[in-house]
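A.B. asks: What follows is a structure written as structure tokens; I'll ask about it next.
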Amino acid sequence: MSNSIKNKKDINIKKNKTIKKIKGSNVIGQVRKRYKNMLALTNESERPNLYRLFSDSRIDKLKKMPDTKKSYDGFAKSIQDKYESFKQNNNSKPNNNFYDYVNYQWIEEQAKLSKDDPKYYVQIDSARISQDKVYRQLIDYTNSYIKENKGRKKAESINAVMNCISNANKKKGLEHCHRLKKQVDQFIFMEDMYGLLAYANQDEIFSWQAPIVWNIRADEKNVTKYISHLDSAQVGIYDWGIYYDYEWDTKKDTEMKKEYKEKYFEYIRKIFKTLLPNDWEKYDPQHVWDTEKQLIDAMMCEGIKESEDYYNVLTKKELEEKYGFNWTGFVNKLGKKVDPCGVYKETKDVYQNVPGKVVVGSLNTLMCTVKLLKENWTTPQWKTWWLFIFYRQMIRFDWDWNEIHFEFHEKFVKGQPVRFPKEIYSIWPLAFTYNTFLTSEYVSHHNNPVKEAYVKNMIEDFRYIYINKIKRNTWLSQSTKNMAIKKLENINIIVGVPERLREDPILNYIKDDPWYNMGLICANNRKEMISLEGKTVIDIPSVDWNNLGLIGSQAYVVNAYYQSTDNSIYFPLAYLQKPFIDLEQRGIEYNLAYVGYAIGHELSHCLDNTGSKYDEIGNLKNWWTKEDKAKYQKKIDDVIKQYEEYAKRDGIDFDASIGTGENLADISGLSLAEEYLFHFQLLNGDIAPIKKNSLEAFYIYSAQTWRQKIFDKALPAQLKQNPHPLDKYRCNCPLARLPLFREIYNVKEGDGMWWNNTDTIW
């Protein structure tokens, strides 16, 4: 591609070939037609808001300019001015650190602003700023709805849920803590291990931290059917290495681990002292620590050969006889709806039949955890831990108690400066319970069919470009290329507003008893989840338990996603706002760098190291030849090496393999966006003097998309927990692989932006 801009002859030859190809594709060549169609569907007053650089006006204006002025007047001058403004940072040069070169001033400004007005973000960036704005809008919309519909059951229910966290009743909360303790004591006294295990799994508040986690989701190898899954637990500290002392630990490592343990013990003591004020001294933090180490040992045990993809289907008989897990007993206990508040009770079995099969993640973990439980679950150490896993979740659902959670998990571990604001804290129970209401409210205030159409059209353009990149690919076999193309052709696209949503349950909430209300919510959700066992998956996005962990059903989330198990990409309505898309004031270079880059990124996830394990409908299936997989792994290894090397230059040591999929998607996505711009330039006439300016603008805007101010205290946790690398490397590493970028900014071997490989994967 870099050779194509060297002389006019080469441009014309390339242009003719491209135009012929595009016209035949009926995609990019139809952009102007689609633009005119959009104009026809709008009123005269709305037409200025549809402006996009695909329109004829920009091209015609530039064509009429004298050749000597094309680089300085109109669009070219605006780009040049913008470009010059970045040269104020004398500390960085574009060939050494493009991220700092572009973003230095913004980062410095954010550092100053955060000192005077600290935010609750661990890092400041456009997504977090925009999401905060959306949360505040939703709270305003909800308050208005409640006021306008006073006395109606739905409005009163929403009001009860909205206040269950921010205005929690301490007396009722402590009563619940004591009831919960009695319930745990009873399970232990009755030696009912599976009853306690089911009790810990019965609702979303606690289930993710049970020693064996149960849920129902689509079968990865048959995504049309729902099936039960058994997964491993999550322990209190994200970095397992902190629980152990190693001979290679440095003095710094030892001091860090000591501080973590001291802070964790303090956190545990505060929980018990607050929720069990009369008995807290009976519960030793060391017991929690020792139990979590036992669980980690069980999760790391070996002996059974694991499947490569950690997918194992066990029959009821295998589960019970070979692995020692009483599946029948567990399911029967799980099917009993017992609200943890001890108020709402029903003994009717929800499960009509014991499921004959279950999917297990790790066979070794399951076997070793079951053995561990049978030998230790009633000991004093484990009794403390059982209570701890319930109580550590309870403190998150009360504004005052949440201070304990914040001080350890958010402030100490993650480096978050201040707490999540109380005025918008209610967004969490609302999102958990009234997702459809929130989505509907947001859509009613912000729906924008024009932006939706723009993004959908751009996705189709990107899909076409991506498919042609695969066709040109020289390192894949034809069979693998055919499957990759098939995946791209079958990607399900959801933009803006969800197609279908689950109806919000309107239950008999009590205004001043938040724990009763949460019990109702969880019991209802669990009933619905159990009812899915063995049923056909009709539309995954429509099946929603109203929690922020699921995608595709929340129009108010400022992000974009790819879901491998249904081969879908999602661009929620909240993402279709400035600065991610701007059709009023910005051109193609800007929109390609923002929403276009995101489109390329999400599309690329279908072929990353994880997405490539699934077929075109989302089934876990190997469609790669052995030789192709080996070649792909070499490319992955080179990407990992690059990201770790770039970080090492800054004195940062981190494992880039945890973010492999994101890194691959960034590299491929940026390459797709660049190719899109190149096609656009070729299609819109020979305007050679501004080609370089146009590319420079695109690269600058692409660097802006990743600008972030991350706090020093937040850095260690981000490097360990976040699958995305630091945004500096998300910017520099993909750019360093683009021949055109290297040519324009004269990047040579030895420069900071140099990498010895220009491979963009596909």
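The values are calculated or read from the model by the stated rules, or taken from the named source; none is laboratory data. Note that the structure is predicted; figures quoted are calculated from it, not measured. Note that we place each Cβ from the backbone using ideal geometry, even for glycine, and neighbour counts take in every protein chain shown.
A.B. asks: Looking only at segment 544-574, how many residues end up being under 12 Å from TYR442 (Cβ atoms) and at pLDDT 85 or above?
C.D. replies: Residues meeting the conditions: 7.
A.B. asks: Quickly run through segment 222-241 and pick out the residues that are buried (at least 17 other Cβ atoms within 10 Å of the Cβ) and either out of contact with any Pro (no Cβ under 9 Å at 6 or more places or on another chain) or free of Cβ contacts under 8 Å to residues at least 40 places away in the same chain (or both). Steps first, please.
C.D. replies: So in segment 222-241, the residues buried (at least 17 other Cβ atoms within 10 Å of the Cβ) come out as 223, 226-233, 235-237.
Listed by number, the residues that qualify are VAL223, TYR226, HIS229, LEU230, ASP231, VAL235, GLY236, ILE237.
A.B. asks: Right, here's the next one. Of all residues in segment 246-262, how many are assigned to a loop (DSSP other than H, G, I, E, B) and surrounded by 11 or more Cβ atoms within 10 Å (Cβ to Cβ)? Let's see the steps before the verdict.
C.D. replies: Initial filter on segment 246-262 (assigned to a loop (DSSP other than H, G, I, E, B)): 246-250.
Narrowing the set further to residues that are surrounded by 11 or more Cβ atoms within 10 Å (Cβ to Cβ) leaves 249.
Number of matching residues: 1.
A.B. asks: Still on this structure, I have one more. Considering only residues that are of a type in the set (A, V, I, L, M) and free of Cβ contacts under 8 Å to residues at least 24 places away in the same chain, which ones fall in segment 431-489? Quick ask: steps written out before the conclusion?
C.D. replies: Taking segment 431-489 and keeping what is of a type in the set (A, V, I, L, M), we get 431, 438, 443, 450, 453, 455, 458-459, 465, 467, 470, 476, 483-485, 488.
If the condition is that a residue be of a type in the set (A, V, I, L, M) and free of Cβ contacts under 8 Å to residues at least 24 places away in the same chain, then ILE467, ILE485 are the ones that fit.
Matching residues to (1) modelled with pLDDT of 95 or more; (2) out of contact with any helix residue (DSSP H, G or I) (no Cβ under 8 Å at 6 or more places or on another chain):
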| position | (1), (2) |
| --- | --- |
| SER232 | no, no |
| ILE237 | no, no |
| TRP240 | no, no |
| GLU247 | no, yes |
| LYS263 | yes, no |
| TYR267 | yes, no |
| PHE272 | yes, no |
| TRP280 | no, no |
| GLN286 | yes, no |
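A.B. asks: Scan segment 578-620 for residues that are among the charged types (D, E, K, R), assigned to a loop (DSSP other than H, G, I, E, B), over 15 Å from GLU489 (Cα atoms) and in contact (Cβ under 8 Å) with a residue 40 or more places away in the chain and jot them down.
C.D. replies: Here is the first cut: in segment 578-620, the residues among the charged types (D, E, K, R) are 578, 582, 584, 586, 589, 602, 608, 613, 615-616.
Subsequent filtering for residues that are assigned to a loop (DSSP other than H, G, I, E, B) retains 578, 582, 584, 586, 608, 615-616.
Applying the additional criterion that residues be over 15 Å from GLU489 (Cα atoms) yields 578, 582, 584, 586, 608.
Across segment 578-620, the qualifying residues are GLU584, ASP608.
A.B. asks: Quick one: count up the residues across segment 201-232 that are polar (S, T, N, Q) and in a loop (DSSP other than H, G, I, E, B).
C.D. replies: Kept after step one, since they are polar (S, T, N, Q), are these residues of segment 201-232: 201-202, 207, 209, 215, 222, 224, 228, 232.
After this cut, where a residue has to be in a loop (DSSP other than H, G, I, E, B) as well, the list is 202.
Result for segment 201-232: 1.
A.B. asks: Filter segment 263-306 for residues that are of a type in the set (Ser, Thr, Tyr) and either outside the structural domain of VAL235 (by TED's automatic domain parsing) or in a helix (DSSP H, G or I) (or both); which is farthest from the chain's Cα centre (by Cα)? Give the derivation first.
C.D. replies: First pass over segment 263-306, keeping only residues of a type in the set (Ser, Thr, Tyr): 264, 267, 274, 283, 291.
Those still in the list that are either outside the structural domain of VAL235 (by TED's automatic domain parsing) or in a helix (DSSP H, G or I) (or both) too: 264, 267, 274, 291.
Working: TYR264: 27, TYR267: 28, THR274: 33, THR291: 30 Å.
Once the filter is applied, the top-ranked residue is THR274.
A.B. asks: Checking the structure you have, find out if any residue of segment 610-622 is buried (at least 18 other Cβ atoms within 10 Å of the Cβ), under 15 Å from the mean Cα position of the chain (by Cα) and within 21 Å of GLN478 (Cα to Cα).
C.D. replies: yes
A.B. asks: Take the residues of segment 233-245 that are of a type outside the set (Phe, Trp, Tyr) and outside any helix (DSSP H, G or I): which is farthest from PHE406 (Cα to Cα)? Walk me through how you get there before you give the answer.
C.D. replies: From segment 233-245, those of a type outside the set (Phe, Trp, Tyr) are 233-237, 239, 241-242, 245; that's our starting set.
Filter again for outside any helix (DSSP H, G or I), leaving 233-237, 239, 245.
Values: ALA233: 22, GLN234: 18, VAL235: 17, GLY236: 14, ILE237: 14, ASP239: 18, ASP245: 27 Å.
Among residues in segment 233-245 that are of a type outside the set (Phe, Trp, Tyr) and outside any helix (DSSP H, G or I), the one farthest from PHE406 (Cα to Cα) is ASP245.
A.B. asks: Quick test of your reading of the structure: ILE506 fulfils all but one of (1) in a helix (DSSP H, G or I); (2) surrounded by fewer than 18 Cβ atoms within 10 Å (Cβ to Cβ). Name the failing condition by number.
C.D. replies: (1)
A.B. asks: Turning to a different aspect of this structure: Got a number for residues in segment 442-490 being within 15 Å of THR625 (Cβ to Cβ), part of a helix (DSSP H, G or I) and touching a Ser or Thr at 6+ places or on another chain (Cβ under 7 Å)?
C.D. replies: Looking only at that region, the number is 2.
A.B. asks: Answer yes or no: is there a residue in segment 648-658 that is over 30 Å from GLY750 (Cα atoms) and touching a residue at least 12 places away in the same chain (Cβ under 8 Å).
C.D. replies: Kept after step one, since they are over 30 Å from GLY750 (Cα atoms), are these residues of segment 648-658: none.
For segment 648-658, residues over 30 Å from GLY750 (Cα atoms) and touching a residue at least 12 places away in the same chain (Cβ under 8 Å): absent.
A.B. asks: Between a first residue in segment 738-752 that is touching a residue at least 12 places away in the same chain (Cβ under 8 Å) and a second residue that is among the basic types (Lys, Arg), which pairs have beta carbons less than 8 Å apart while being 6 or more apart in sequence or on different chains?
C.D. replies: Sorted first by the residue in segment 738-752, then by its partner, the pairs are ILE744/LYS692; GLY752/ARG649.
A.B. asks: Checking THR439 against (1) β-branched (Val, Ile, Thr); (2) in a helix (DSSP H, G or I); (3) farther than 25 Å from ASN167 by Cα, which single condition isn't satisfied?
C.D. replies: (3)
A.B. asks: Between GLU749, GLU743, which is surrounded by fewer than 18 Cβ atoms within 10 Å (Cβ to Cβ) and either part of a helix (DSSP H, G or I) or among the basic types (Lys, Arg) (or both)?
C.D. replies: GLU743
A.B. asks: On to the next question. From the list ASN143, ASN95, ASN91, exactly one residue is under 30 Å from ASN732 (Cβ atoms), modelled with pLDDT of 90 or more and within 35 Å of the chain's Cα centre (by Cα). Which is it? Show your work before the answer.
C.D. replies: Numbers: ASN143 fails: under 30 Å from ASN732 (Cβ atoms); ASN91 fails: modelled with pLDDT of 90 or more.
Testing whether each residue is under 30 Å from ASN732 (Cβ atoms), modelled with pLDDT of 90 or more and within 35 Å of the chain's Cα centre (by Cα) leaves just ASN95.
A.B. asks: Right, here's the next one. Scanning for something at pLDDT 90 or above, assigned to a loop (DSSP other than H, G, I, E, B) and within 30 Å of GLU407 (Cα to Cα), does segment 128-135 turn up at least one residue? Write out each step before concluding.
C.D. replies: Going through segment 128-135, the residues at pLDDT 90 or above turn out to be 128-135.
Restricting the remaining residues to those that are assigned to a loop (DSSP other than H, G, I, E, B) gives none.
No: zero hits.
A.B. asks: Of the numbered conditions (1) assigned to a loop (DSSP other than H, G, I, E, B); (2) of a type outside the set (A, V, I, L, M); (3) out of contact with any Ser or Thr (no Cβ under 9 Å at 6 or more places or on another chain), TRP399 fails exactly one; give the number of that condition.
C.D. replies: Answer for TRP399: the failing condition is (3).
A.B. asks: Counting only residues that are touching a residue at least 24 places away in the same chain (Cβ under 8 Å) and either under 26 Å from TYR699 (Cβ atoms) or outside any helix (DSSP H, G or I) (or both), how many does segment 102-127 have? Write out each step before concluding.
C.D. replies: Of the residues in segment 102-127, the ones touching a residue at least 24 places away in the same chain (Cβ under 8 Å) are 102-103, 106-107, 110-111, 114, 118-127.
Next, only the ones that are either under 26 Å from TYR699 (Cβ atoms) or outside any helix (DSSP H, G or I) (or both) stay: 102-103, 106-107, 110-111, 118-127.
Here the count works out to 16.
A.B. asks: Suppose we filter VAL443, VAL354, VAL413 for residues that are surrounded by fewer than 20 Cβ atoms within 10 Å (Cβ to Cβ) and over 22 Å from TYR135 (Cα atoms); which single one remains?
C.D. replies: On the way: VAL443 fails: over 22 Å from TYR135 (Cα atoms); VAL413 fails: surrounded by fewer than 20 Cβ atoms within 10 Å (Cβ to Cβ).
When all the criteria are applied, what remains is VAL354.
A.B. asks: Ok, one more. Within segment 420-434, identify whether any single residue is touching a His at 6+ places or on another chain (Cβ under 7 Å), hydrophobic (A, V, I, L, M, F, W, C) and modelled with pLDDT under 90, and answer yes or no.
C.D. replies: From segment 420-434, those touching a His at 6+ places or on another chain (Cβ under 7 Å) are none; that's our starting set.
Taking every residue of segment 420-434 in turn, none turns out to be touching a His at 6+ places or on another chain (Cβ under 7 Å), hydrophobic (A, V, I, L, M, F, W, C) and modelled with pLDDT under 90.
A.B. asks: Which condition number does GLN186 fail, the rest of (1) in a loop (DSSP other than H, G, I, E, B); (2) without any contact (Cβ under 8 Å) to a residue 60 or more places away in the chain being met?
C.D. replies: (1)
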